[in-house]
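The values are calculated or read from the model by the stated rules, or taken from the named source; none is laboratory data. Note that the structure is a prediction, hence the values are computed from the model and not measured. Cβ: placed from backbone, ideal geometry, glycine included. Neighbour counts: every protein chain shown.
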Amino acid sequence: MSSSASSARHINPPELVTPPGYSHVVEVGPGRTIYTSGQIAIDAKGNVVGAGDMRAQIEQVFSNVRAALAAAGTDFAHVIKLTIFMTDVRPETLTSFREVRDRYIDVKRAPASSLVQVSRLVRPELLVEMEAIAYVP
């Protein structure tokens, strides 16, 4: 995995607990900023992937975000912020999320991140949605 953009500074202030798998703050300088729309567990043909299976949906969501980033000429190495929406946040779902996420990001230079539990997504069979912001110097 390539390293994050050299112009991005990942900050974990000593006043805050060191987080596992994300940075509290990412500061960027001049360059291109890419914003993805929320990606859900839908394949290229419009079919829901993994109905009722959180891990399968997480895998598809990361795959979709990777495709969106690639379309803009970048990848997860340049992601500075992730926002995740889940319908069921429990230890098991967090473990699945972290295992998948850690295959895509550099955990030593992890993006800023937020995870929010929601009551429902756009379709009832969807369990997770994720947006990304990438910075390319």
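The residues of region 64-106 that are part of a helix (DSSP H, G or I), touching a Ser or Thr at 6+ places or on another chain (Cβ under 8 Å) and under 21 Å from Arg120 (Cα atoms) amount to a single one, Val65. Whenever a residue of region 81-103 is over 17 Å from Val65 (Cα atoms), its partners that are assigned to a strand (DSSP E or B), lying with C-beta atoms within less than 6 angstrom and at least six residues away or across chains, give the pairs Val89/Gln117. Looking only at residues that are surrounded by fewer than 14 Cβ atoms within 10 Å (Cβ to Cβ) and β-branched (Val, Ile, Thr) in region 3-30, which one is modelled with the highest pLDDT? Ranking the qualifying residues of region 3-30, first place goes to Thr18. Restricting attention to region 29-52, the residues being part of a loop (DSSP other than H, G, I, E, B) and in contact with an Asp or Glu (Cβ under 9 Å, 6 or more places away or on another chain) number 8.
Within region 44-58, how many residues are closer than 19 Å to Val122 by Cβ and charged (D, E, K, R)? Walk me through it before giving the result.
From region 44-58, those closer than 19 Å to Val122 by Cβ are 44-54, 56-58; that's our starting set.
Then drop every residue that is not charged (D, E, K, R), which leaves 45, 53.
Residues flagged as closer than 19 Å to Val122 by Cβ and charged (D, E, K, R) within region 44-58 amount to 2.
The set of residues in region 122-137 being of a type outside the set (A, V, I, L, M, F, W, C), surrounded by fewer than 23 Cβ atoms within 10 Å (Cβ to Cβ) and in contact with a strand residue (DSSP E or B) (Cβ under 9 Å, 6 or more places away or on another chain) consists of Arg123, Glu125, Glu129, Glu131, Pro137.
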